[in-house]
Amino acid sequence: MKSYIKDALDNFLFEYETPRQVLVKNRRVGIVCRLIQLGVLAYIIGWVFIYEKGYQSEDTAIGSVFTKMKGVAFTEMNGVQKVWDVSDYVFPDQGDSSFVVMTNFIITRGQAQSTCPELPDERNRCSSDADCLKGTFKRHMTGKCVNTTSTCEVMSWCPIEDDREIPNPALLLAAENFTLFIKNSITFPQFHVVRSNLVEVVNQTYIKTCLYDPENNKLCPIFKLGDIIRFSGFNFSQIARVGGAIGILIDWECNLDLNIQNCIPKYEFHGLYGNAKAGESQQASVGYNFRKAKYYMEDKVEKRTLMKVFGLRIDIIVHGLARKFDIIPTLTAIGSGVGIFGVATVVCDLVLLHLLPKRDFYKNMKFKYTTLQDEETTIHLQKEEQVKD
Amino acid sequence: MKSYIKDALDNFLFEYETPRQVLVKNRRVGIVCRLIQLGVLAYIIGWVFIYEKGYQSEDTAIGSVFTKMKGVAFTEMNGVQKVWDVSDYVFPDQGDSSFVVMTNFIITRGQAQSTCPELPDERNRCSSDADCLKGTFKRHMTGKCVNTTSTCEVMSWCPIEDDREIPNPALLLAAENFTLFIKNSITFPQFHVVRSNLVEVVNQTYIKTCLYDPENNKLCPIFKLGDIIRFSGFNFSQIARVGGAIGILIDWECNLDLNIQNCIPKYEFHGLYGNAKAGESQQASVGYNFRKAKYYMEDKVEKRTLMKVFGLRIDIIVHGLARKFDIIPTLTAIGSGVGIFGVATVVCDLVLLHLLPKRDFYKNMKFKYTTLQDEETTIHLQKEEQVKD
Amino acid sequence: MKSYIKDALDNFLFEYETPRQVLVKNRRVGIVCRLIQLGVLAYIIGWVFIYEKGYQSEDTAIGSVFTKMKGVAFTEMNGVQKVWDVSDYVFPDQGDSSFVVMTNFIITRGQAQSTCPELPDERNRCSSDADCLKGTFKRHMTGKCVNTTSTCEVMSWCPIEDDREIPNPALLLAAENFTLFIKNSITFPQFHVVRSNLVEVVNQTYIKTCLYDPENNKLCPIFKLGDIIRFSGFNFSQIARVGGAIGILIDWECNLDLNIQNCIPKYEFHGLYGNAKAGESQQASVGYNFRKAKYYMEDKVEKRTLMKVFGLRIDIIVHGLARKFDIIPTLTAIGSGVGIFGVATVVCDLVLLHLLPKRDFYKNMKFKYTTLQDEETTIHLQKEEQVKD
């Protein structure tokens, strides 16, 4: 028994199986086959390995963004001069990755809770109290029709905001010269790599004077608002008037097999919700505004200043993809490549065995036939075989 | 030398190797093998290619969301009527993807910096000044025990907020009828595809009148707040009272090999932090509230109105996955499939060579033995071989 | 015709092809080959399957975060005592995943729109009106030079903020003892799994008393601010003074083939934009501040209290990766493994046919030569073959 196992182990260890092959000396078949194999090889090496870097594994980044605006705007409305600084025109204050820079506004001062007639427009005219149903959820009507304006009376913050006309040109056109400073930090958790957009060449001195442009200063993290709009394909004065949403994509594509200093961000600018380039301005998606209330007490009564803010909503989106050599994708690519080599052999065999004039000859060379269906012939064959092999 | 290289090159170019094979004519083995091969083929074509679309490469989306609420609520507290509009009940104002709609609140008016006794509850009663230690970080105690309330005196914004009882029913129950408009734009950076949830069929006319429902208007980007709660499996009046967090998942699954118009979003609603469906209401995770202060000056003294806001925190989460035909995953899948075909051959050989009664016959057919251990037999064999092949 | 198809089908169904192989009995080759094959097998099973879990498919999480700070700070400035609670020192209020805890500030009270001289520093001194050009965008100059300060007069919110000196030590050093409560919910959309960081062991009782520490309470979702800073490698008093940005990474790595209770979060803390551990404090990236204005009306004039807020910006970043058994990656790994096995055979053949002394013998065994170039020999060979096979 023991010797039996030993024998089996010996056989397993010291034996080596290799497939027997036919070497076909045929120019046509040979060239066709070598071309197919060369194609497969070129694909595996050229495309999978070199172009698509199939020997690397990937990781996506998690990022964090901090922003800071700079600049001052000046307005003159009804003879009142006002200077607007960052605290006045950026919402929210704390430097998030998504924020709004006010470029235009409609201000309604001194609103208090009371009753007043609605603004007249095409739909809400009334001729008697019967036209004003009490208490729907869109506006809280008192049920009265006010004669002077021919509109229903509502209970609301009064006076009612009049936003039928948007100031033209935009009130804070100076926003074009505001600058935006972006700090972005990314982490590739799988590779334990942390990078900041303040890369090695962006030092203290450089940062104080630089301004981003896509040709000469493509790593400078300071952007002029007017440039951002222009890079996105919009017209500043138009978008400043009605508002709009711009995405700043910080794109990191890092090959970590190279020096980490080559891992640098690329800034891209595009309009969100409606592309400026196509004629999509007719779409339901143009303009950006929201209302902001500043509350205060006056003579023990709560009042508010309501602002309808038109502005640039800027979303900073971080997209990071790092690649690094990894044994698993490498071997998977090689293994799968060997498999595709097998496909090449199958194709060549098809040519050899079915298309060539001498196909029967090659079939004879390649295949050894055996039929065990009839027992007699089997025994016959078996003997023959034992003699041959 | 030159002719030697030429010969080698000739051999390489014009030769073709193909494995020699045994054609076993055996019904049982044949059927077993063909079934296994058919299974592998069905798996590769049916599962990998058709079901899992293994011939496509994937890209995840980066998205941007803008929201806008509409609606007015009316409250009457202590005889004072008040109307609440969007600026009053949505935090923050600027239409972020994560925001809170206030549905209930506890208001504490006219708080100023001063000293006042704490609210009595089970834990903070005192009988003498000794019970009130000075200056812990949770509340800033003065060290005095106030007789009238039997609680310690603290330095704080006074009067102290009394949040022991949450208004029931919720004060802004009208929130059920508020509507939420969502604009969502996504980008698949790898495929250079940009889409908005205002897809082709959602035009200006449709958007003015539509209201989302999962059957007939599943592309309408306008949602009733009450519906959102209902779709998430919650009870509106309960969640309006104590607050809660709802996730709206905008799910994009796009097959970019088809027409881009088929790339449409799917809206899903579910409770965050504690599922409404399971009996998880006992968990530590129910309710949502935060405090908001509105500051003002009164007679040169800074005061504030403190609101404990209970509300719906709505998080809009975008999840996008696009697939498109790509040569690499296609060939990887084919190559790996050929590999699995190889496994099929191994299994069939096992059956053939170890399980069939005629296994020795097949072994003889398949293998040619050679031993080079003993030099004598080798020479002997070598001669024999040369005669045979 | 019919019988022809039947024959072809019979042949296809009942025939089985298996490659003919040479069994080489050679110790050296045998051992080399088995070792190579064993290596490949060990790599596939050990590395791909067990270590890298290649039999599982992956899904990344989409998460949602809610935060709540607790704690009270006390300051005494110019004899005025003030207590700061959460509404006073956290921005924004509503418990977002990214927020700022104020630890230090410069306050400028009673700013109103007017004209006043700039603060003197190295760059903006003037000796006559000619030095003060009118109306640049950074500051809105009136064109006058004020003699008393020797600086230009600007139109602005006056008085001008004096931020030349940052209070030292930080005014809200008590922030060290503030606590942060984090609720995090994640969804793996592909696997339909929802988890919260309030896992099974974190019940109502535990949550009331626990405090996170990485050894004994690593699942407690309540963190001391001082601890967070310490875990990130910073010095609290320094960072409290000038501000800083900290990332809290909630890392979920879940093997969904195991019990769902093993799917628990791991909290990690690190500095954003400039690492505390390396000597990177010289980088352009240290400090965090922003300005916040509180507006109010005084005698019908809009005024504001401007605060330059220094603080901890805390970004909570959720990173989730779940894995679960899936048939596709399993079979892809197997198929690709079989392919790599093929590579092993190629290597062994190289040894056998080119390096061994008896290589010519093995070549004879493995290959059957055929030349169809000269027609005469072909016919000759063909006859020979028919006799042999």
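The values are calculated or read from the model by the stated rules, or taken from the named source; none is laboratory data. Please read these numbers as outputs of a predicted model, since none were measured by experiment. All Cβ positions, glycine included, derive from the backbone under ideal geometry; neighbour counts span all protein chains shown. Note: accessible area is taken over every heavy atom of the protein model, side chains too, but ligands, DNA and RNA are not part of it. Shrake-Rupley method; radii C 1.70, N 1.55, O 1.52, S 1.80 Å.
Taking the Cα centre of the protein assembly as shown as the origin and placing charges on Cβ (Lys, Arg +1; Asp, Glu -1), which of B:175, B:210, B:259 is farthest toward the positive end of the dipole?
B:259
Where does chain A land at 222 nm, in deg cm²/dmol rounded to the nearest 500, when only DSSP H runs of n ≥ 4 count, each adding -39500 (n - 2.57), divided by all residues?
On the way: 9 runs with 99 residues, N = 389.
Taken over chain A, the calculation gives -7500 deg cm²/dmol.
Where the accessible area of chain B is counted over protein heavy atoms with a 1.4 Å probe, how much of it, in %, is carbon and sulfur? It would help to have the intermediate numbers written out before the result.
Working: 10160 of 18370 Å².
Exposed carbon and sulfur together represent 55 percent of the surface.
Take region A:182-240, compute every pairwise Cα distance, and split them into 5 Å bins from 0; I just need the percent in each bin.
The percentages, shortest bin first, are 4, 16, 21, 17, 15, 13, 9, 4, 1, 0.
Can you give me the long-range amide H partners of residue B:213? Hydrogens built in the peptide plane at 1.01 Å from N, cutoff under 5 Å, separation of 5 or more residues or another chain.
For residue B:213, the qualifying residues are B:218, B:220.
Can you tell me which of B:146, B:72, B:193 moves the most in a GNM of chain B? Springs connect C-alpha atoms under 10 Å apart.
Of B:146, B:72, B:193, the Gaussian network model singles out B:146 as fluctuating most.
Among rounded, prolate and oblate, which fits chain C when a ≥ b ≥ c are the square roots of the eigenvalues of its C-alpha gyration tensor, a/c under 1.5 means rounded, and a/b larger than b/c means prolate? Display every interim value, and only then the final one.
Numbers: a/c = 3.57, a/b = 2.57, b/c = 1.39.
It is prolate, given that a/c is not under 1.5 and a/b is the larger ratio.
Just the number: Rg to Rh for region A:16-134, Cα atoms, Kirkwood Rh, two decimals. Intermediate values should be presented prior to the final figure.
Numbers: Rg = 37.1 Å, Rh = 24.5 Å.
Reported Rg/Rh, Kirkwood definition of Rh: 1.52.
From Cα pairs below 8 angstrom and at least 6 apart in sequence, can you work out the relative contact order of chain C, rounded to a whole percent? Each step should come with its number before you reach the end.
Values: 658 pairs, mean separation 80.5, N = 389.
This gives 21 percent for chain C.
Step by step: find N for region B:98-182, compute 2.2 N^0.38 Å, then divide the Cα radius of gyration by it. What's the final number? Intermediate results must be reported in sequence, preceding the final value.
Values: Rg = 17.9 Å, N = 85, 2.2 N^0.38 = 11.9 Å.
Compared with the compact-globule rule of thumb, region B:98-182 sits at 1.50.
With +1 assigned to the C-beta of every Lys and Arg and -1 to the C-beta of every Asp and Glu, and no other charges, what is the dipole magnitude of chain C about the Cα centre in debye, to the nearest 20? Let's see the in-between values first.
Details: 45 positive and 45 negative charges, 105 e Å.
Dipole size: approximately 500 debye.
Take the Cα coordinates of region B:74-129, assign each an equal point scatterer, and use the Debye formula without solvent to give log10 I(q)/I(0) at q = 0.29 Å⁻¹.
Calculated log10 I(q)/I(0) at the listed q: -1.22.
Just name one of B:197, A:140, A:31: the one whose Cα is farthest towards the positive end of the charge dipole of the protein assembly as shown (beta-carbon charges, Lys/Arg +1, Asp/Glu -1).
A:31
Once amide H atoms are placed 1.01 Å from N in the peptide plane, what residues at a sequence separation of 5 or more from residue A:144, or on another chain, have their amide H within under 5 Å of its amide H?
A:153
Applying the Karplus parametrisation 6.51 cos²θ - 1.76 cosθ + 1.60 with θ = phi - 60° to the phi angles of region B:68-77, what ³J(HN,Hα) value in whole Hz is obtained for each residue in order, glycine and proline being reported as x?
The phi angles translate into 8, 8, 9, x, 10, 10, 10, 10, 9, 10 Hz.
How far apart, in nanometres, would the label points at residue B:350 and residue C:50 be if each is projected 7 angstrom from Cα along the Cα-to-Cβ direction?
That separation, rounded to one decimal, is 2.0 nm.
Of C:153, C:17, C:58, which is the most mobile in a GNM of chain C whose springs link Cα atoms less than 10 angstrom apart?
Maximum among the listed residues: C:17.
Strictly over 21 Å apart at the Cα level, which of B:294/C:300; A:366/C:2; A:70/B:294 would you flag in this model?
Numbers: B:294/C:300 19 Å; A:366/C:2 28 Å; A:70/B:294 27 Å.
Among B:294/C:300; A:366/C:2; A:70/B:294, the Cα-Cα distance tops 21 Å for A:366/C:2; A:70/B:294.
If you build a Gaussian network model of chain C, linking Cα atoms that sit under 10 Å apart, which residue out of C:327, C:264, C:166 swings the most?
C:327
Placing +1 at every Lys and Arg Cβ and -1 at every Asp and Glu Cβ, with all other atoms neutral, what dipole size does the protein assembly as shown have around its Cα centre, in debye to the nearest 20? Intermediate results must be reported in sequence, preceding the final value.
Details: 135 positive and 135 negative charges, 60 e Å.
With only Lys, Arg, Asp and Glu charged at Cβ, the dipole is about 280 debye.
Scattering from the C-alpha atoms of the protein assembly as shown alone, worked out with Debye: what is log10 I(q)/I(0) at q = 0.09 1/Å?
For the protein assembly as shown, the Cα-only Debye profile gives -1.11.
With Rg and the Kirkwood Rh both taken from Cα atoms, where does Rg over Rh land for region C:162-280? The partial results should precede the final answer.
Details: Rg = 17.4 Å, Rh = 16.4 Å.
Radius of gyration relative to Kirkwood radius: 1.06.
For residue A:325, place a label point 7 Å out from Cα along the Cα→Cβ vector, do the same in each other copy, and report the separations in nm, one decimal, smallest first.
3.6, 3.6
In debye to the nearest 20, how big a dipole does region A:1-130 give about its Cα centre with +1 on each Lys and Arg Cβ and -1 on each Asp and Glu Cβ?
Numbers: 14 positive and 16 negative charges, 243 e Å.
So the magnitude is around 1160 debye.
State, in square angstrom and to the nearest 100, the accessible area buried between chains B and C, both chains counted, probe radius 1.4 Å. Mind dumping the intermediate values first?
Details: alone 25320 and 25360 Å², together 43570 Å².
That pair of chains buries around 7100 Å² in total.
Please work out the Cα center distance from region C:314-370 to region B:10-77, rounded to the nearest Å.
21 Å
Using a/c under 1.5 as the rounded threshold, could you call region A:111-231 rounded, prolate or oblate? The axes a ≥ b ≥ c are square roots of the C-alpha gyration tensor eigenvalues, and prolate needs a/b larger than b/c, oblate otherwise. The partial results should precede the final answer.
Details: a/c = 4.82, a/b = 2.85, b/c = 1.69.
Cα axes put region A:111-231 in the prolate bin.
When only Cα pairs under 8 Å and 6 or more residues apart are kept, what is the percent relative contact order across region B:22-108?
Values: 49 pairs, mean separation 14.3, N = 87.
After rounding, I find 16 percent.
7 Å from Cα along Cα→Cβ at both residue C:251 and residue B:262: what's the point-to-point distance in nm?
Between residue C:251 and residue B:262, the simple spin-label model gives 4.1 nm.
Against the globular-protein guess of 2.2 N^0.38 Å, express the Cα radius of gyration of region C:1-78 as a ratio, rounded to two decimals.
Details: Rg = 33.0 Å, N = 78, 2.2 N^0.38 = 11.5 Å.
For region C:1-78, the normalised Cα radius of gyration comes out at 2.87.
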